[in-house]
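Written out below as structure tokens is the structure these notes cover.
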Amino acid sequence: MITLEGIVLKERAFGEQDKFIDILTKDRGLIELSVRGARKINGKSSASTQLFAYSRFCIDQKKNRFLLNSVEPIHIFYGLRNSLSAISLASYFADILKYSTAELTDSGNVLRLFLNTLFYLENGNRSEQLLKPIFELRLMSEIGFMPDILICRGCGCYEPKISYFSLKNGGFYCSECKDANELDSSYFTIGLPVLTAVRHIVLADFDRLYNFRLSEKSTKVLSEFSEQYTLSHLGRNFNTLDFYKNLSLKTVE
Ligand SMILES: [Zn+2]
């Protein structure tokens, strides 16, 4: 029997009473767990195995299959259900995690990032506009796709007023070096406040990660940059992201 702490990223009904759940764990990455009698067991176990439940799972392992033996809830994130946009954003985060962490074994930082982001999403202490790029860019960095944002690749300057970031080669040039280095059409123009925010997100310690301010205008640029960087590196789109974005468009109207 093994005990693992993890959070449920997806549930799938199976047969009359069973279900499979995908959980992101601290020490074993992503695992699929089969839950027998999920739809008839008592309320506590069923709450502890639902979407976004963070729980302590006792598991029987049979070869590569994992069967749930018993479970204790740690934090269920009920509050997410009070806001359609919060739960939609959380579903997009869960989708990216499922797609990008399948091969990851040392997943402690990624789990911590997800849990901390969900706490802020649940209690509303940070705006969704900021939580989304923080989660995306930090996740990309933790799984080996950190953008190269330290210095201009041409002259090495550290704080250019405007940077031209190439999504393809993952680095930036300042205004002076931009023309000498042919940029493909996928480059992104970002001002110094946004460059500084990106540096903070990918390099800050976890306890300082969510503590920075950015103007509304710069937050929009950061958000757009972060999304394009993430999707272009993962090489795909996510329906949950489209759903979330349509939702925010409707709210603005
Ligand atoms: Zn330069």
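The values are calculated or read from the model by the stated rules, or taken from the named source; none is laboratory data. Everything numeric in this text was worked out from a predicted model, so none of it was measured. So basically every Cβ, Gly included, is an ideal-geometry build from the backbone, and we count neighbours across all protein chains shown.
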Q. Can you pull out the residues in region 81-96 that are within 20 Å of Leu249 (Cα to Cα) and either touching a Leu at 6+ places or on another chain (Cβ under 9 Å) or small (Gly, Ala, Ser) (or both)?
A. Ser83, Leu84, Ser85, Ala86, Ile87, Ser88, Leu89, Ala90, Ser91, Tyr92, Phe93
Q: Can you tell me which residue among His233, His200 is in a helix (DSSP H, G or I), in the same structural domain as Tyr120 (by TED's automatic domain parsing), without any contact (Cβ under 8 Å) to a residue 40 or more places away in the chain and within 21 Å of Ile96 (Cβ to Cβ)?
A: His200
Q.
Restricting to region 117-144, name every residue that is surrounded by fewer than 19 Cβ atoms within 10 Å (Cβ to Cβ) and either over 20 Å from Tyr244 (Cα atoms) or not assigned by TED's automatic domain parsing to the domain that holds Ala197 (or both).
A. Ser141, Gly144
Q | Of the criteria (1) surrounded by fewer than 21 Cβ atoms within 10 Å (Cβ to Cβ); (2) at pLDDT 95 or above; (3) under 16 Å from Lys26 (Cα atoms), which one Ser100 fails | A | (2)
**Q.** Residue among Ala53, Ala38, Ala90 that is buried (at least 17 other Cβ atoms within 10 Å of the Cβ) and in the same structural domain as Gln129 (by TED's automatic domain parsing)
**A.** Ala90
**Q.** Number of positions in region 142-190 that are in a strand (DSSP E or B) and among the acidic types (Asp, Glu)
**A.** 1
**Q.** Residues (more than 13 Å from the ligand (Cβ to nearest atom) and among the basic types (Lys, Arg)) located in region 149-170
**A.** Lys168
Q. If we scan region 87-95, do we find a residue that is without any contact (Cβ under 8 Å) to a residue 60 or more places away in the chain, within 16 Å of the ligand (Cβ to nearest atom), under 19 Å from Leu209 (Cβ atoms) and of a type outside the set (Asp, Glu)?
A. no
Q: Spot the failing condition for Ile201; the list is (1) surrounded by 16 or more Cβ atoms within 10 Å (Cβ to Cβ); (2) within 14 Å of the ligand (Cβ to nearest atom), and only one is missed.
A: (2)
Q | Residue count for region 56-80, restricted to those that are within 12 Å of Glu5 (Cβ to Cβ) and either at pLDDT below 95 or not basic (Lys, Arg) (or both) | A | 8
Q: Look at region 171-196 and say how many of its residues are within 11 Å of the ligand (Cβ to nearest atom) and surrounded by fewer than 16 Cβ atoms within 10 Å (Cβ to Cβ).
A: 5
Q | Selection status of Ala53, at pLDDT 95 or above and of a type in the set (Gly, Ala, Ser) | A | yes
